[in-house]
Structures are given as structure tokens and as C-alpha cells.
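Trainee: What follows is a structure written as C-alpha cells; I'll ask about it next.
No lab work stands behind these numbers, since they all come straight from the coordinates. A quick note: this is a predicted structure, and the numbers were derived from the prediction, not measured. As a convention, Cβ positions derive from the backbone with ideal geometry for all residues, glycine included, and neighbour counts pool all protein chains shown.
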Amino acid sequence: MKNSVVHNPMFFLNLFGKKFLNTLQSFGKISLFLVFSVAGIFTKKQLKNILRHVYYIGVRSISIVILVGLFTGMVLGLQLYYTLVKFGSTGVLGSAIGLTLVRELGPVLTAIMVTARAGSAMTTEIGIQRITEQIDALFTMGVNPRRYLVSPRLAASVISFPILTALFDLVGFLGGYLTGVVLLGLDSGAYFYRLQSSITLVDLNGGFIKSVVFALIVSTACCYNGYYTHLRADSFGAKAVGLSTTTAVVVSCVWILISDYVVTSFLM
């Protein structure tokens, strides 16, 4: 019986088809979730909620963004210096650091850091509200839970991510300056000249486009997993909230990297 199942091609076809349909259904649900959440932004009395979440997602993430940005710039300066010195091209250190931060590392690392700090909190908070039936209570009182809980977080993420990315880039430039100029003795004028001349408006726009895409991915994935915590088949209650949070962070980070490649391929 076992061998007949293994050698039956229809068994594997049915298994693959089921997985494919489940994945397609999940993408459809997430897409509708995003569309309805975006539509909920443009309703009355949302400004106060949006500003409250901008403070939580954006302002309270400044310290970790500054810390990571500073040491990222310092590490880049150190590694790139000892690579460029082999070719006698240490004068272009500013260009290398600037383009690396603006095009790639700034948006990506900012999104990952905010996912770890604010995204996980979004999933946990909404998940707890779901399992304690607070979301059901909102629906009973005639309040749209998605518009009240998800839409402000989505708008706040779109506002906060580009600002945090710009801050990350600026602090990263400073970190590269500390390593390249202060520690390794490069000329400060050459560093800033290369930094300024190499970064164009196209590079800046590309980085900000990525940050907006990452904001949509992170806020949608985290809110979606929290909102539908009660539908998890592998657990329930507090354990479901923990698993939903883990899933949201992992999925967000994976899709940040995937979308980074996709957006880069379109912008190149």
C-alpha cells in the first residue's frame, strides 16, 4: 500500500496542487487585506491615530537606526579601505560608501531593524486583541477593525520608513568619515567631494522607493499575521500570538530581500 502511494504520480500532483492553491489563496487574502487597509487610510478622524503610530514606529526607532547606521558606515569604511588600497584607489572611498548605503544597505537594514522592533510589536498587539476578542467587540460596536487597527499603522510605516532610511544614510556617512578620515588618515575634502559627486537624484529616489515598498511589506505582513492569529491551525491562545509574531518577522525579512532584488532590477 505504501509503495503504491509513493509511486502514484497523482498523489504527488494532488499534493503539489493543494500546496499551490493554498499559497495562491494566501496571496489573494493578503492582497485584499492590503487594499482594504489602504482604503481605510482616507477616512475621517485618522490623523490622530496615524501620528500616534508614527511616534511609535518612527520616533522610537531612531536610537536603534542611529546605532546600526553608525557602525555599518564604520565597518564599510574599514572593509572598503583595505580593498581599495590594493588598487591604489582609496580616494574613491566616499563614493563607495555613499552608493552602497543609499542604494542598498540603508533601506534594507533600516527595514529589518524596524521589523524587529516595531513590526513584531504590531503583530503581538493585534494578535492579543484578537484572542481576547477585542477585535470582535470593535466589530460589534460598528467600528471597522481593519480601518481602526491596520490603516493607521500602514500609513505611519509609509511615512516613517523613508525618514528613518535618510537618517540611517546620514549617520552611515558619518561612520565612514570616522573610519576613513579620522582613523585611517584620508583627506576629508576628498571624502566629502566623492560622496557628494557620486550620489545622484536617481540613487536617492531609488532608495526611497525601496523604503516605501518595504514599509508596505512589513506593515502588511505583521498586521495580517496578528489580525488572523485565531485562524492558525498549529496552535491557539498565547502560543499562537508568539508563533504569529515569529512568522511575521521571518516573512517580512525574507520579502524585504526578495523585493530588494526585484526593485533593483527595475531601477537599474
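Trainee: Counting other C-beta atoms within 10 Å, and keeping those with at most 12, which DSSP coil GluC sites (Glu not before Pro) do you find in segment 79-133?
Mentor: On the way: sites: Glu104, Glu125, Glu133; in loops: Glu133.
Loop-located and lightly packed - Glu133.
Trainee: Further question on the same structure: Taking 0.36 nm per residue of sequence separation and subtracting the Cα-Cα distance, how much length would be gained by fully extending the chain between Ser197 and Thr83, in nm to one decimal?
Mentor: 38.9 nm
Trainee: At 0.36 nm per residue, and after removing the present C-alpha to C-alpha distance, how many nm does the segment from Val262 to Met141 gain when stretched out fully?
Mentor: 39.3 nm
Trainee: Just how large is the dipole of the chain about the Cα centre, in debye to the nearest 20, putting +1 at every Lys and Arg Cβ and -1 at every Asp and Glu Cβ?
Mentor: For this selection, approximately 740 debye.
Trainee: Can you sort Ser259, Ser211 from fewest to most other Cβ atoms within 10 Å of each residue's own Cβ?
Mentor: Ser259, Ser211
Trainee: May I pose another question? If amide hydrogens are placed 1.01 Å from N in the peptide plane, which non-local residues have theirs closer than 5 Å to the one on Val143?
Mentor: Residues meeting the amide H criterion: none.
Trainee: What ³J(HN,Hα) values, in whole Hz, does the Karplus curve 6.51 cos²θ - 1.76 cosθ + 1.60 give for segment 201-209 when θ = phi - 60°, with x put for Gly and Pro?
Mentor: Values per residue, Gly and Pro as x: 5, 5, 5, 5, 4, x, x, 6, 4 Hz.
Trainee: Report the semi-axes of the equivalent ellipsoid for the chain in whole Å, largest first, where each axis is √(5λ) for an eigenvalue λ of the Cα gyration tensor.
Mentor: On the way: eigenvalues 328, 131, 49 Å².
For the chain, the ellipsoid semi-axes come out as 40, 26, 16 Å.
Trainee: What percentages make up the Cα-Cα pair-distance distribution of segment 120-268 when the bins are 10 Å wide from 0?
Mentor: That works out to 11, 28, 26, 18, 11, 5, 1, in percent per bin.
Trainee: For segment 48-164, state the semi-axes of the equivalent ellipsoid (square roots of 5 times the eigenvalues of the alpha-carbon gyration tensor), sorted largest first and rounded to whole angstrom.
Mentor: 42, 12, 10
Trainee: Scan around Ile199 for amide H atoms under 5 Å from its own, H built in the peptide plane at 1.01 Å from N, and keep only partners 5 or more places away or cross-chain.
Mentor: Answer set, sorted by chain and number: none.
Trainee: Can you compute 3J(HN,Hα) from phi for each residue in segment 211-221, using the Karplus curve 6.51 cos²θ - 1.76 cosθ + 1.60 with θ = phi - 60°, rounded to whole Hz and x for Gly and Pro?
Mentor: 5, 5, 4, 5, 4, 5, 5, 5, 5, 5, 5
Trainee: Could you tell me which of Gly206, Val75, Ile256 has its Cα farthest along the dipole of the chain towards the positive end, charges placed at Cβ (Lys, Arg +1; Asp, Glu -1), taken about the Cα centre?
Mentor: It is Ile256.
Trainee: Using the Karplus equation 6.51 cos²θ - 1.76 cosθ + 1.60 (θ = phi - 60°), what ³J(HN,Hα) coupling, rounded to whole Hz, does each residue of segment 42-51 give in order, writing x for Gly and Pro?
Mentor: 8, 10, 6, 6, 9, 4, 5, 5, 5, 5
Trainee: From largest to smallest, what semi-axes in whole angstrom does segment 159-218 give when each is the square root of 5 times an eigenvalue of its alpha carbon gyration tensor? List each step's numbers first, then the result.
Mentor: Details: eigenvalues 151, 35, 9 Å².
Those come to 27, 13, 7 Å.
Trainee: Remind me, relative contact order of segment 61-121 in percent, using alpha carbon pairs under 8 angstrom and six or more residues apart? Please list the in-between numbers first.
Mentor: Values: 21 pairs, mean separation 26.1, N = 61.
Here the relative contact order equals 43 percent.
Trainee: Okay, next question. In nanometres, what is the gap between the two model label sites at Lys44 and Phe27, each 7 Å from Cα along Cα-to-Cβ?
Mentor: Label-label distance for Lys44 and Phe27, simple model: 3.9 nm.
Trainee: Sort Ser235, Ser157, Ser265 so that the residue with the fewest other Cβ atoms within 10 Å of its own Cβ comes first and the one with the most comes last.
Mentor: If I rank by nearby Cβ atoms, fewest first, I get Ser265, Ser235, Ser157.
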